[in-house]
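The values are calculated or read from the model by the stated rules, or taken from the named source; none is laboratory data. Please read these numbers as outputs of a predicted model, since none were measured by experiment. Note that each Cβ is placed from the backbone with ideal geometry, even for glycine, and that neighbours are counted across all protein chains shown. Ligands, DNA and RNA are stripped out before the accessible areas are found, and what is left, the full protein with its side chains, is counted by its heavy atoms. Shrake-Rupley method; radii C 1.70, N 1.55, O 1.52, S 1.80 Å.
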Amino acid sequence: MRRGTVHALVGENGAGKSTLMKILYGMQRPDEGTIALDGATVELHSPADAISRGVGMVHQHFMLADNFTVLENVVLGAEKLHGIGAKARARIKEISDSYGLGVRPDALVEELGVADRQRVEILKVLYRGARTLILDEPTAVLVPQEVDALFDNLRELKSEGLTVIFISHKLGEVLSVADDITVIRRGTTVASVVPSETNPRQLAELMVGSELPSPETRESTVTDQKMLTVDGLRLTATDVDGVERAVLDGIDFTIHKGEVLGIAGVEGNGQAELVEAVMGIRKPDVGVITLDGTDISQAPTRKRREDGIGYIPEDRHRHALLLEAPLWENRILGHVTEEPNSKGGLLNPGAARRDTERIVTEYDVRTPGIEVTAASLSGGNQQKLIIGREMSHHPKLLIAAHPTRGVDVGAQAQIWDQIRAARREGLAVLLISADLDELIGLSDTLRVMYRGRLVADADPCTITPEELGSAMTGAASGHLEGSADADAPADTVPAAAPADAAPAGGEDR
Amino acid sequence: MKKFDKERMLLAVAAPLLAIVSAFLLTALVLAATGKAPFEAFGVMFEYGVKSDSQVYILNKATTYYLAGLAVAIGFRMNLFNIGVDGQYRLGAFFGAAAGGAMGLPGLVQIPLIILVAMLVGAMWASIAGLLKVYRGVSEVISTIMLNSLAGILISYLLVDGRLGVLDKQTNIVATKALPESSHFFTIPAGGDLDPIWGFIVVAVLAGVGFWFLLGRTRFGFDLRAVGRSESAAEASGVNVKRMVLSSMLLSGAMAGLIGMPTVLNDTHQFTADFPVGVGFTGIAIALLGRNSPVGIALAALLWGFLERGANRLEFEGYDKEIVGVMQGVIVLCVVIAYELVRRYGLKRQQQKVGAELAAQAKAAKSDKQEVPA
């Protein structure tokens, strides 16, 4: 990137933006490759290193002490530079004036709005002498007017010769403020473009990847036998403010044998709660859940598992593994009442160990043995073990929440293959994912979840990630009519909106 | 695989060894600071500790301590801190002794009955904390500490001449009515003119075997350990966490009820006003030292008995007997630190090893890997 420019870095959720920034800021060490600053190769071991070389970072989540004033927050940890008194105050005023930040040094941070806090964060970085600023999704928390003000600030910084790295997924904004754009996808740079030669749609395609799943996986295995029926599900929860609100409302769907039902949605719209309600971890207020003709609404989690629900949780460390237990004990977890793990109340460690060996071989779990703890495996191998475990009990229904999150590319393809293979044998799958490619590629039916409701449905054969993304932000509802095939002209979609919203869907946290 | 196991064994031994050695060194410093020759004191303790009558004493003490360690360890295994073992034990022993004094059944019936009463009372007392935690979210640490005080107050209220106590006119000590001769537990003669070994040691060993079997070989034990390792994962796996909290509290309390039994059935044959206090707390230290494993707790209980035996002798030889208290405290501190250090080291080491082994595998299979579509 060039000095005195705003360089935007765009990419999907999990594309590697944050990891790249952590490396640039010295929070993480790269395995290979070099970083050059002003032509000199540098090695950044810690954020302090980065700061001393003029690299500063403004985090997405502000790191300010609320009960301190702006002045105190700025000098905190940098007392050596200009002290904590009048000199520091003068310096803050100077920076604030020269970049038009308009910061009041004596205001208490807790009294400031979000935009002001962000300016304090920027000032903090500048105060420490940064010449290169990394802004991690700075607009995520701002309203449009504030975004404009921020962009004015950025242009100011740029004109003073500072370099800004701007991470975002809002393509409209990126195009309006950036001088150069780098698109990354699944950990590699897929394109470097300049705003004048591109448009939001093109950028979105680069981000999500244009290669849609190959058609041979499309042969339908859906039968007319209902496996899971959810009827009128409603779940209320009390939020942090003590207000009771519905996190799930009027949820109805049916999954047939051999069908994959994909649920798309921005995270936090009730997907996690839906999964927990089906698993029996949360008790819905009303609603009936029927599995293979049996009403399981009142059944405890263990009974549901025994009845044939396999579960791949979203957060495997918290919900699927005993990290400090050996692999074979993890193989028992969740299926302690089933063969081969136990018989009549007694564990059968020998059989469980043998079966773990089998899973390790069949599912290609890369491990030196089954006595190592689950924590020592990589994320992908942990996930393969979990999938192997769940599949080993021949589930009727598999609940897969983000099954390939944080998993390397090889393992990802393998996991997809396993789900497809099981589907051919009549498995019903409830798939929750933020990866739109994965959703469209694996699902037979797509539903969109927004604010606890299933607001739209779509046919994965015809829908594009952009259209799906648009529905995820609540912009569309009902049945989504996708463009007939992938290379339909761009004007079948309402101009900029979908391209802008699609990645936002996957990214918003 | 063999290599891993060997190393794990080594690490398992490393922690207690490190703890005890550093505890001895620290105590040596304390001794030196009081102006006494440290290693002489250790010599005195050791010489005295291996004498036959000391061995009987240590075994008998360890029987009580072992049961206390087990009671605490049941809670520890699922991350429950049952600080109330002391109260549960005292209350269980009290009611067991009172019931035993009031009945005149044949020993074969009465002894199990006394034990049952003690275990039930211990379990009930613990269940209060369990229920409070499950239904009202009260931390078991707080509630069990308060229940300890309540247990003490309840006993002093009931242990009065005319209530459940009997005043011994000669010694002026109030105690429960003495157990009939038939309800004395059998003893194992140690030969010569030595005191006999308490027969209850057999029950303690059985309790240890039961503990191992329940935790290591049953579904219930797996669920319990799963909750201890990760409550969220256990819940997602289908464990009813609330029920587990209650059951393990009950179990821990029932085990606590057993702690007083060797003393009541083998030694005092009644609950006296000066019945030992604080055994439940000793159990915490012993469970920590023994890593919550049945064998480890046994070793820890023996060590504790040995130290206390040594303390008596030290006093006789003109040392401050409090030095053993210091030593015990230091051991517990060292144990907690050493285990954590060794655990972290072991975990890191294992991750490195797995990484290294996989890297070697990956190198061999690199050509395959590159064929996987991106």
Using only Cα atoms, tell me the angle between helix A:349-362 and the longest principal axis of chain A; keep it within 0 to 90° and round to the nearest 10.
-> 70
Lys, Arg +1 and Asp, Glu -1 on Cβ, resulting dipole of the protein assembly as shown about Cα centre, debye, nearest 20 | 2800
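For peptide B:39-46, compute the average count of partner chain beta-carbon atoms within 10 Å of each residue's beta-carbon.
Values: counts 0, 0, 0, 0, 0, 0, 0, 0.
Going residue by residue through B:39-46 and averaging, the value is 0.
How big is the A/B interface in buried accessible area, both sides summed, 1.4 Å probe, to the nearest 100 Å²?
3200
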Rounding to the nearest 20 debye, state how big the charge dipole of chain B is about its Cα centre with +1 on each Lys and Arg Cβ and -1 on each Asp and Glu Cβ.
-> 1660
Put A:VAL193, A:VAL275 in order of accessible area, largest first, 1.4 Å probe: what do you get?
-> A:VAL193, A:VAL275
In whole Å, largest first, what are the principal axis extents of the Cα atoms in the protein assembly as shown?
-> 105, 76, 58
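Excluding ligands, DNA and RNA, what is the solvent-accessible area per residue of chain B at a probe of 1.4 Å, expressed in Å²? Intermediate values should be presented prior to the final figure.
Numbers: 18050 Å² over 374 residues.
On a per-residue basis, chain B sits at 48 Å².
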Just counting partner chain Cβ atoms within 10 Å, what average do the residues of peptide B:222-234 show around their Cβ?
-> 6
Please state the charge dipole magnitude for chain A, taken about the Cα centre, from unit charges on C-beta atoms (+1 on K and R, -1 on D and E), reported in debye and rounded to the nearest 20.
-> 1420
Take each complete run of DSSP H in chain B, measure how far its Cα atoms stretch along the helix's own axis, and keep only those covering 20 Å or more with mean Kyte-Doolittle hydropathy at least 1.0; list them.
-> B:2-33, B:107-136, B:140-158, B:200-217, B:241-259
Kindly provide the helix-only [θ] at 222 nm of chain A, computed as the sum of -39,500 (n - 2.57) over DSSP H runs of four or more divided by all residues, to the nearest 500 deg cm²/dmol?
-> -10000 deg cm²/dmol
Sorted by accessible surface (1.4 Å probe, heavy atoms of the protein chains only), largest first, B:LYS321, A:LYS343, A:LYS384 come out as A:LYS343, B:LYS321, A:LYS384
Using a 1.4 Å probe on the protein chains only, how many percent of the accessible area of the protein assembly as shown belongs to carbon and sulfur?
-> 57
Calculate the length of the line joining the C-alpha centroid of segment B:249-311 to that of segment A:268-285, in whole Å.
-> 45
State the answer as a single residue: which of B:THR27, B:GLY310, B:ALA123 lies farthest towards the positive end of the charge dipole of chain B, with beta carbon charges of +1 for Lys and Arg and -1 for Asp and Glu, about the Cα centre.
-> B:ALA123
Using a 1.4 Å probe, what is the accessible area per residue for segment A:318-393, in Å²?
-> 30
Using Cα atoms only, what is the angle between the long axis of helix A:114-127 and the major principal axis of chain A, expressed in degrees (0 to 90) to the nearest 10?
-> 60
Taking H as built 1.01 Å from N, whose amide H comes closer than 5 Å to the amide H of A:LEU446, not counting residues under 5 places away?
-> A:GLY262, A:ALA458
Too long for a 28 Å Cα-Cα cut-off, among B:LYS177/B:LYS321; A:LYS17/A:LYS158; A:LYS22/A:LYS158; A:LYS384/B:LYS242; A:LYS257/A:LYS303; A:LYS17/A:LYS87, are B:LYS177/B:LYS321; A:LYS384/B:LYS242; A:LYS17/A:LYS87
Say the dipole of segment A:1-147 comes from +1 at the beta carbon of Lys and Arg and -1 at that of Asp and Glu; which of A:VAL109, A:ALA78, A:ALA90 then lies farthest toward its positive end?
-> A:ALA90
Applied in sequence order to segment A:255-271, the curve 6.51 cos²θ - 1.76 cosθ + 1.60 (Karplus, θ = phi - 60°) yields integer Hz couplings, x standing for Gly and Pro, of 10, 8, 4, x, 10, 10, 9, x, 10, 9, x, 5, 4, x, 9, x, 5
Part-to-part distance (alpha-carbon centres) for segment B:215-237 and segment B:103-133, which is given in Å | 27
If ligands, DNA and RNA are left out, what is the accessible area of B:PHE271 with a 1.4 Å probe, given in Å² to the nearest 10?
-> 0
Using only helices, what value at 222 nm comes out for chain B when you add -39,500 (n - 2.57) per DSSP H run of length 4 or more and divide by the total residues, to the nearest 500 deg cm²/dmol?
-> -25000 deg cm²/dmol
Among A:VAL190, A:VAL429, B:VAL141, the residue whose Cα sits farthest towards the positive end of the charge dipole of the protein assembly as shown (+1 at Cβ of Lys and Arg, -1 at Cβ of Asp and Glu, taken about the Cα centre) is B:VAL141
On a 0 to 90° scale, report how tilted helix A:379-391 is relative to the longest principal axis of chain A, with both axes built from alpha carbons and the result rounded to the nearest 10.
-> 20
Write down the percent of antiparallel bridges among all DSSP beta bridges whose residues are both part of chain B, to the nearest 5.
-> 90
How much of the DSSP beta bridge set in segment A:6-208 is antiparallel, as a percent to the nearest 5?
-> 30
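Could you put B:ARG291, A:ARG423 in order of accessible surface area, largest first, with the 1.4 Å probe and the full protein assembly present?
B:ARG291, A:ARG423
With both partners inside the protein assembly as shown, how many of the DSSP beta bridges are antiparallel, as a percent to the nearest 5?
50
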Show me B:340-352, A:115-127, B:324-336 ranked by packing, highest mean number of other Cβ atoms within 10 Å first.
-> A:115-127, B:324-336, B:340-352
Sequence-distant or interchain residues sharing an amide H contact under 5 Å with A:VAL247, placed H: which?
-> A:LEU235, A:THR236, A:ALA237
Given C-alpha coordinates of segment B:21-350, what is the ratio Rg to Rh with the Kirkwood estimate of Rh?
-> 0.99
